[in-house]
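Enquirer: Just passing along the structure, written as structure tokens.
The values are calculated or read from the model by the stated rules, or taken from the named source; none is laboratory data. Worth saying up front: this structure is predicted, and the values here are computed from it rather than measured. Methodologically, a virtual Cβ is constructed for each residue, glycine included, from the backbone with ideal geometry; neighbour enumeration extends over all protein chains shown.
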Amino acid sequence: MRMMMKARMDTQMSNRATKGGAMPDSLKSAIERLKPEAAYFTPEGGRSMILVFDMKDSSQLPSIADPFFQEMGAEVTFEPVMNLDDLQKGLAALK
């Protein structure tokens, strides 16, 4: 299922990770692990990241979110999302 994950990182913890040089490695690890179709970085509410990726099973939630909790003190949310093709397929099923 296509998921959108938002990770809003704690400013103090992410400052330490940035100054200590761990931030690039943490982000690279997340990108390599999740292989997102889209990745966005924004200052919304502090340092924030939005990833859109395919989640095979809900049992992946802890392993995906926990590094952000531990390393960045992040608030992490997940939402199922659709692209235009998915929406059209869903709407066609209503007929």
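Enquirer: Mind counting the residues in segment 56-72 that are touching a helix residue (DSSP H, G or I) at 6+ places or on another chain (Cβ under 8 Å) and either modelled with pLDDT of 95 or more or among the aromatic types (Phe, Trp, Tyr) (or both)?
Expert: Going through segment 56-72, the residues touching a helix residue (DSSP H, G or I) at 6+ places or on another chain (Cβ under 8 Å) turn out to be 64, 67-68, 71-72.
Checking the rest, the ones that are also either modelled with pLDDT of 95 or more or among the aromatic types (Phe, Trp, Tyr) (or both) come to 64, 68.
Counting residues in segment 56-72 that are touching a helix residue (DSSP H, G or I) at 6+ places or on another chain (Cβ under 8 Å) and either modelled with pLDDT of 95 or more or among the aromatic types (Phe, Trp, Tyr) (or both) gives 2.
Conditions (1) under 20 Å from ASN83 (Cβ atoms); (2) at pLDDT below 90; (3) not hydroxyl-bearing (Ser, Thr, Tyr), marked per residue:
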site: GLY20; (1), (2), (3): no, yes, yes
site: MET23; (1), (2), (3): no, yes, yes
site: TYR40; (1), (2), (3): yes, no, no
site: SER48; (1), (2), (3): no, no, no
site: VAL52; (1), (2), (3): yes, no, yes
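Enquirer: Just the residues that are touching a residue at least 12 places away in the same chain (Cβ under 8 Å) and of a type in the set (Phe, Trp, Tyr), please, taken from segment 38-74.
Expert: Across segment 38-74, the qualifying residues are PHE53, PHE68.
Enquirer: Mind counting the residues in segment 3-37 that are in contact (Cβ under 8 Å) with a residue 40 or more places away in the chain and in contact with a strand residue (DSSP E or B) (Cβ under 6 Å, 6 or more places away or on another chain)?
Expert: Going through segment 3-37 one residue at a time, the tally reaches 6.
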